[in-house]
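Before any comments, here is the structure.
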Amino acid sequence: MRCYLQGNFRPNITYNDPKLTAKMLPSLERSAGKENVILMNATTGAEDFSFFQKEVPGFYYFVGGKPLDVKEEDAASHHTPDFYIDEVGLKLGVISMVNLTLDYLEVKQK
């Protein structure tokens, strides 16, 4: 069986808008602690998000969910049967999203 795909599907990289990132960084630092916020290079890990960023400035971030007692090199990767997420990270995800939203709305009003 063979499958052929034709088309011009070329997603952009997911790249945070620098001005928006600078405005929102304090929100993440307040939510997670400055020592836990790591700026990283552009990634192709969220190709669908890059389509939104073609239309409006975007800000994409990751919230860790690896159990703290598991070394990073021992953690199973996503989309594998052994993948496990520590749901404590969900609390940080909600806190950070609420803070980002409220702070963004405040910045927009100024």
Taking only pairs six or more apart or across chains, which ones have beta-carbon atoms under 6 Å, a first residue in segment 85-110 that is closer than 17 Å to A32 by Cβ, and a second residue that is of a type in the set (G, A, S) and modelled with pLDDT under 90?
-> I85/G65; D86/G65; G89/G64; G89/G65
Can you name the residue in segment 69-110 that is among the basic types (K, R) and modelled with pLDDT under 90 and, of all such residues, is farthest from E29 (Cα to Cα)?
-> K110
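The values are calculated or read from the model by the stated rules, or taken from the named source; none is laboratory data. What you see is a predicted model, and the numbers here were worked out from it, not measured in a lab. Cβ atoms come from the backbone with ideal geometry, glycine included; neighbour counts cover every protein chain shown.
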